Structures are given as structure tokens and as C-alpha cells.
């Protein structure tokens, strides 16, 4: 009887509501603080036109020097590098690939060969780590299947292409900021170890 009567007292209702509000605000604040403490996942892509193998300025693009691959003459071969960098302290798990869709990089010119794909720790320069990503070449595109992209990890794809490459990206990732950074063309192989040359 006493309990039932106490609920009819407005001061009791106000006190209970105040307690509930305090609890809810505390829970929300804890969630917000936890999320704020975790950096947003970010994935950057860079295209470096590392080396045009035949240029008019060298005098070797007039038939005096011919580059072939698998018996086919390459008229305007380039060595191109794509760098993919997870420059945050958070892994990007394969589960964040939306519906299991892959990352597709389109260079706009035929890819003759994927020469090499390497992963290295960007932060401490410890060299190749983890597993090599599963990638396939089809025409002008390089496709990477869903995989773990570890924190501070930089992946470098080195490719032989026919023609001056451009770069278009489809990266269907959930809760990840994806950025494409444009780089100036380079006429020789990179000597700084990164190949990054911002426009």
C-alpha cells in the first residue's frame, strides 16, 4: 500500500526520472567517448607513373630500341605503381568490404603484367609483413578481393602497362574514408623508397 501511494507522489516520480536520465546520459557519454578515442578508419590510394620506358627525348622511341613482352612489341610501356595505405591505428577487416565486393583499380590502359605486390609496415619500415593480397588483372583493371588490411600497412602494386596510366577506383568499404591522391608523373624509377610525389 505504501509503495503504491509513493508512486502517486510527484516528487518521487521526479526523483526516479532524474535517476534514469542520469544513467542514460552516462551510457551515451561512455559510448561517445569510446568512439571518439578510436580514429576513423582511412584508406589512401596513390598512383605514381614511375617510369616511361621509351621517350622521344631519349632518341630511343624511333625503332632503334624495341621492348617486347611475351613476344609482343610494346609501343608505349610504363612501369606504374599503385600504393594503398592504411595510415591509421585500426585494422580494416575483410568484413567491411560491402557485401563482399572487391576493390577495383582501373588504370585506363592495358595492364600487361602485375610485376609485384608487396606489403610493408608504413610506420616502422619493418619490411614485408602478413600475407600477399589476392589480386587479379583483367584488361585495364586490377582487382583485390576482400582481405584484412592491417593498421599502418602500405601495399605497393608494381605493374607493366601499355600507355600512360590514369586512375579510377571503386572501393565499396563500410565505415572507411577512402581517398585518392593524385601524384605528378615521374620519368624515372623512384629513388626515395616511396615513389610518392604529390601534385
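The values are calculated or read from the model by the stated rules, or taken from the named source; none is laboratory data. Quantities reported herein were computed from a predicted structural model and do not represent experimental measurements. Because the Cβ atoms are built from the backbone with ideal geometry, glycine has one as well, and the counts that use them run over all protein chains shown.
Inspect all residues belonging to the range 173-183 and state whether any of them is modelled with pLDDT of 90 or more, loosely packed, with under 14 Cβ neighbours inside 10 Å, at positive phi and touching a helix residue (DSSP H, G or I) at 6+ places or on another chain (Cβ under 9 Å). Checked the range 173-183: at least one residue is modelled with pLDDT of 90 or more, loosely packed, with under 14 Cβ neighbours inside 10 Å, at positive phi and touching a helix residue (DSSP H, G or I) at 6+ places or on another chain (Cβ under 9 Å).
Just wondering, is there one or more residues in the range 96-114 that are assigned by TED's automatic domain parsing to the domain that holds residue 72, loosely packed, with under 14 Cβ neighbours inside 10 Å and modelled with pLDDT under 90? No, every residue in the range 96-114 fails to be assigned by TED's automatic domain parsing to the domain that holds residue 72, loosely packed, with under 14 Cβ neighbours inside 10 Å and modelled with pLDDT under 90.
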